[in-house]
Every structure is written in structure tokens, then in C-alpha cells.
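Reviewing the structure listed below.
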Amino acid sequence: MSKKHTILVTGGAGFIGSHLVRLFVNKYPDYHIVNLDKLTYAGNLANLKDVEKSENYTFVKGCINDAPFLEKLFSDYDFDGVVHLAAESHVDRSISDPMSFINTNIVGTVNLLNAARGAWGDFKDKLFYHVSTDEVYGSLGDTGFFVETTPYDPRSPYSASKASSDHLVRAYHHTYGMPMVISNCSNNYGSYQFPEKLLPLFINNIKNKKALPVYGDGKYTRDWLWVNDHASAIDVIYHKGKNGETYNIGGNNEWKNIDLIHKLCDIMDELLERPMGSSRNLIAFVKDRPGHDRRYAIDATKLKEELGWEPSIQSEEGLRKTAEWYLANEEWMTNITSGAYKQYYEDMYADRV
Ligand code: NAD
Ligand code: TYD
């Protein structure tokens with residue numbers, strides 16, 4: 001019997017990783033999906049309850065900064081591909097604690113590249129897929145879009161650490177011949193996102209009638225993509241992307257923060273059967289994030305034209321689905337905000353408003 005195609009997904013218990021693991025486990029019963037995750041504050045096995053017993057799925061708790069452990073993991077499993085998502089992912093935390101971003105995002109990625117290189121011999125039929133962010137390109141003015149050839153200009157410790165890891169993945173390709181692809185994606189939203197990021201934080205605050213801390217003038221712009229669409233893009237790129245290439249992934253769905261928040265408030269008023277406008281009253285403009293990038297916008301033409309991928313849903317539908325999910329999954333949220341990470345969560349937001 002031939003060996004099953006075996007993929008190592010790192011960070012599979014996080015927000016995007018859990019959606020990717022679910023997609024791969026359900027769509028490819030003939031693959032073996034191994035999820036390596038350290039279970040930091042952002043990793044949560046509750047995100048994968050529905051697939052945890054699947055025969056083609058294995059969870060391994062471990063850290064990408066533990067090189068001997070990675071060496072053994074690669075020898076135990078004979079991976080065909082790696083989809084690397086494990087990272088520290090929140091810009092605000094990178095401002096208060098840059099070093100953990102350097103350690104995980106840069107050093108951790110090199111550890112993983114070394115383990116793959118050590119195990120993969122001539123690299124035949126192997127692939128190292130690095131999941132990255134559009135934030136590596138810096139900040140746009142009122143017009144223009146990021147394309148794959150836009151020069152890197154990262155401006156936060158988070159984006160600088162991701163840019164560095166992108167460069168290192170490319171360096172391993174050029175220097176050692178590591179087969180690789182990189183995708184740079186815009187802001188994701190959807191179910192199972194840790195409530196430190198804008199949308200789940202605000203949904204939870206609206207529900208609990210807490211203030212909504214809008215940084216600066218609220219006119220910062222992000223291009224929002226439904227997380228399930230990011231997972232489907234990764235699937236397409238993993239299977240059809242060309243060795244050595246980079247693909248931008250985006251929703252063509254730009255919103256100024258304040259407009260997005262207004263829309264969210266109105267949807268929440270409807271879902272919670274509150275008088276229209278009552279959630280908007282919770283908005284509080286607060287001190288700006290230092291170095292706050294003004295605008296991100298992705299041009300995903302290459303991915304559409306070369307690999308045929310497009311997002312499946314439009315923003316308002318996605319926002320509504322997302323709000324409904326968090327309201328229907330109160331226990332998931334409560335376990336975070338009052339469970340093991342209560343203190344962690346509160347420390348981050350105690351002095352906001
Ligand atoms: P997340 O913070 O929700 O999840 C990160 C996961 O990595 C967690 O499960 C955590 O436990 C795990 N992890 C952290 N350090 C680890 C370590 N040392 N060893 C093993 N596992 C470790 O992040 P996310 O939002 O799901 O993002 C996933 C990836 O996608 C990241 O690389 C991020 O840079 C990238 N990305 C995110 C977005 C977004 O909007 N969230 C957009 C584009 C790209
Ligand atoms: P975030 O979800 O942290 O993603 P990123 O910084 O990676 O884009 O933030 C999205 C936008 O929302 C960003 O412009 C910062 C802003 N924001 C607020 O105004 N208030 C908040 O409490 C948070 C978490 C973010």
C-alpha cells in the first residue's frame with residue numbers, strides 16, 4: 001500500500017489554522033493531516049472539536065522553537081508538505097512584546113525550514129508553504145493596491161517579523177533548492193478568532209454592552225476576507241501553485257474601520273433585537289496604535305487568473321454569519337474571556353477606555 005500524502009500544518013489550533021485543518025481533513029480523507037501547535041493563548045483545541053476524532057487527523061503538542069523535537073517529528077512522519085501558520089499574530093502584542101514575535105515568527109520559521117531541509121534529501125515532490133500577511137508591504141495612501149512585486153516595507157514588529165520569515169523562506173529556496181510557495185493575505189474574519197482582534201472583540205463587547213475602543217480617527221482601511229475563503233485559497237495554492245511563487249490573497253473588500261464598525265453595530269442591534277443605533281452608542285475613540293498602518297488593499301488578480309481562485313461570499317453576508325456564529329457559540333467565547341486566559345485577556349484591554 002502506498003503511503004498517504006502527509007501534511008504538517010503548524011498553528012492548526014489557531015484561528016486560520018483550524019479552518020484549514022478542518023477543510024483538509026474533510027476534503028482529503030486519503031491524506032494524513034498532522035497539526036503541530038504549542039497551544040499558546042491563541043491556540044484552542046475547542047476550535048477543532050468536530051474533526052478531532054477523524055482517522056486522517058493527528059494532533060501533536062509542540063513548539064517550533066524546539067529543534068530536536070522538530071527533527072524527530074519529521075523523521076516520525078515523513079511529511080510530503082508543510083503548511084506553516086504558527087506565529088504570534090497580533091500587532092498590538094508585537095508592540096508591547098516584540099521579542100516573542102522574533103522568536104516564534106523568525107527563529108521558529110528557520111527551525112522548521114532546517115527540519116524540512118534535514119529530512120527532505122533531494123526535495124523531490126516536497127513543498128514548504130509559508131502563510132504570510134499583506135502587512136509586509138507596509139501602508140498605502142488613498143489609492144493603489146499591493147501586488148506580488150510591491151517592495152517590502154514592514155512597519156510594526158509583527159509585520160517586520162513576518163517579512164523576515166518570508167525572506168528566509170525565499171532564501172532557503174534560492175540557496176538550498178527548498179520547494180516553496182508563499183501567500184500574503186489580507187485581514188481575515190470569521191468564527192474561532194481570538195477576541196483580541198477587531199471583530200470578535202467588538203462583537204463580544206457589543207453583546208456585553210461594553211465600550212468599543214476605536215483607535216485614532218477610525219479611518220484606517222483594511223481589506224477583509226472571510227476566513228473560510230482564505231482556507232480555500234491555501235488549498236488551491238498548495239495543490240496548484242508554482243514552485244518559488246508568491247500569491248496575494250484578498251477579498252476586494254475594503255472598509256474604513258469606522259464604517260465596518262457601524263455596519264457591525266447595526267447587524268448586532270438587529271440580531272440582539274435592540275433599538276437600532278444603541279450599539280453605535282458604545283463607540284469610544286481612543287488613543288491611536290503607535291505606527292498604525294493607514295491602509296491595506298490587495299490585488300489578487302494573479303491568484304484569480306493563474307489558479308482560478310475567487311472569494312465565495314461578499315462582506316455583508318460574511319459579517320452577519322460571523323456575528324451570528326459568536327452569538328450562537330457563547331460558551332466558546334466565555335471559556336476564553338473568563339477561563340484560563342481571563343487574566344491575559346483582561347491585561348490587554350484593561351486600560352483601553
Ligand atoms: P492565531 O494567533 O489565531 O494562531 C496562531 C497559532 O500558532 C496558535 O494556535 C498558536 O498556539 C500557534 N503557535 C504560536 N506559537 C507557536 C510555536 N512556537 N510553536 C507552535 N505553535 C505555535 O493566528 P491566525 O490569525 O490564525 O494566523 C495564522 C497565520 O496566518 C499567521 O502566520 C499569520 O501571520 C497569518 N495571517 C493572519 C491573518 C489574519 O487576519 N489573522 C492574515 C494574513 C496572514
Ligand atoms: P486588528 O484586528 O488588530 O488587525 P490588524 O492590525 O492586523 O489589521 O485591527 C484591525 C483594525 O482595527 C486596525 O486598523 C486596528 C483597528 N482596531 C481598533 O480600532 N480597535 C481595536 O480595539 C482593535 C483590536 C483594532
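The values are calculated or read from the model by the stated rules, or taken from the named source; none is laboratory data. Please read these numbers as outputs of a predicted model, since none were measured by experiment. Glycine also receives a Cβ, built like all others from the backbone with ideal geometry; neighbour counts cover every protein chain displayed. Ligands, DNA and RNA are stripped out before the accessible areas are found, and what is left, the full protein with its side chains, is counted by its heavy atoms. Shrake-Rupley method; radii C 1.70, N 1.55, O 1.52, S 1.80 Å.
Go over the candidates Lys209, Lys219, Lys197 one by one and state the one that is at positive phi, surrounded by fewer than 20 Cβ atoms within 10 Å (Cβ to Cβ) and in contact (Cβ under 8 Å) with a residue 12 or more places away in the chain.
When all the criteria are applied, what remains is Lys209.
Pick from the stretch 31-47 the residues that are part of a helix (DSSP H, G or I) and open to solvent by 10 Å² or more (accessible area, probe 1.4 Å): which of them is farthest from ligand 1 (Cβ to nearest atom)? Can you show your working first?
Here is the first cut: in the stretch 31-47, the residues part of a helix (DSSP H, G or I) are 45-47.
From what's left, open to solvent by 10 Å² or more (accessible area, probe 1.4 Å): 45-46.
On the way: Leu45: 9, Ala46: 12 Å.
Among them, the one singled out is Ala46.
Taking the stretch 15-30 only, how many residues are within 6 Å of ligand 1 (Cβ to nearest atom) and open to solvent by less than 10 Å² (accessible area, probe 1.4 Å)? Show your work before the answer.
Within the stretch 15-30, the subset within 6 Å of ligand 1 (Cβ to nearest atom) is 15-17.
Next, only the ones that are open to solvent by less than 10 Å² (accessible area, probe 1.4 Å) stay: 17.
Qualifying residue count for the region: 1.
So which strands (runs of 3 or more DSSP E) are wholly in the stretch 48-150 and hold at least 1 residues that are surrounded by 23 or more Cβ atoms within 10 Å (Cβ to Cβ) and modelled with pLDDT of 95 or more? Give the derivation first.
Values: elements: 57-61, 81-84, 127-133.
Passing ranges, in order: 81-84, 127-133.
Please work out if Leu168 is more than 9 Å from ligand 2 (Cβ to nearest atom) and among the aliphatic types (A, V, I, L, M).
Working: more than 9 Å from ligand 2 (Cβ to nearest atom): yes; among the aliphatic types (A, V, I, L, M): yes.
Yes: the conditions hold for Leu168.
What are the residues in the stretch 297-317 that are farther than 24 Å from Ser139 by Cβ and not β-branched (Val, Ile, Thr), if any?
Let us first name the residues in the stretch 297-317 that are farther than 24 Å from Ser139 by Cβ, namely 304-310, 312-314, 316-317.
Hits for the stretch 297-317 are Lys304, Glu305, Glu306, Leu307, Gly308, Trp309, Glu310, Ser312, Gln314, Glu316, Glu317.
Only residues that are closer than 16 Å to Ser132 by Cβ and either over 19 Å from the mean Cα position of the chain (by Cα) or within 9 Å of ligand 1 (Cβ to nearest atom) (or both): list them for the stretch 96-106, please.
Thr104, Asn105
I'm checking my understanding of the structure. Among residues of the stretch 14-44 that are touching a strand residue (DSSP E or B) at 6+ places or on another chain (Cβ under 8 Å) and under 15 Å from Gly108 (Cβ atoms), which one is nearest to ligand 2 (Cβ to nearest atom)? Reasoning before the result, please.
Step one: list which residues in the stretch 14-44 are touching a strand residue (DSSP E or B) at 6+ places or on another chain (Cβ under 8 Å), which gives 14-17, 20-21, 24-25, 31-39, 43.
From the residues that got through so far, the ones that are under 15 Å from Gly108 (Cβ atoms) too are 14, 17, 36-39, 43.
Values: Gly14: 14, Gly17: 16, Leu36: 24, Asp37: 20, Lys38: 21, Leu39: 21, Gly43: 18 Å.
Among residues in the stretch 14-44 that are touching a strand residue (DSSP E or B) at 6+ places or on another chain (Cβ under 8 Å) and under 15 Å from Gly108 (Cβ atoms), the one nearest to ligand 2 (Cβ to nearest atom) is Gly14.
Tell me, yes or no, whether the stretch 190-199 has at least one residue that is more than 9 Å from ligand 2 (Cβ to nearest atom), outside any helix (DSSP H, G or I) and polar (S, T, N, Q).
Within the stretch 190-199, one or more residues are more than 9 Å from ligand 2 (Cβ to nearest atom), outside any helix (DSSP H, G or I) and polar (S, T, N, Q).
Given (1) crowded, with 18+ Cβ neighbours inside 10 Å; (2) within 15 Å of ligand 1 (Cβ to nearest atom); (3) in contact (Cβ under 8 Å) with a residue 40 or more places away in the chain, identify the lone condition not met by Ala163.
(3)
Out of all the residues in the stretch 202-220, which are farther than 19 Å from Arg274 by Cβ and either acidic (Asp, Glu) or not in a loop (DSSP other than H, G, I, E, B) (or both)? It would help to see each step written out before you state the result.
First, pick out the residues of the stretch 202-220 that are farther than 19 Å from Arg274 by Cβ: 213-220.
Scanning the stretch 202-220 gives Pro213, Val214, Tyr215, Asp217.
Only residues that are aromatic (Phe, Trp, Tyr) and part of a helix (DSSP H, G or I): list them for the stretch 5-30, please. Walk me through it before giving the result.
If we filter the stretch 5-30 for residues that are aromatic (Phe, Trp, Tyr), which is where we start, we get 15, 24, 28.
Matches in the stretch 5-30: Phe15, Phe24.
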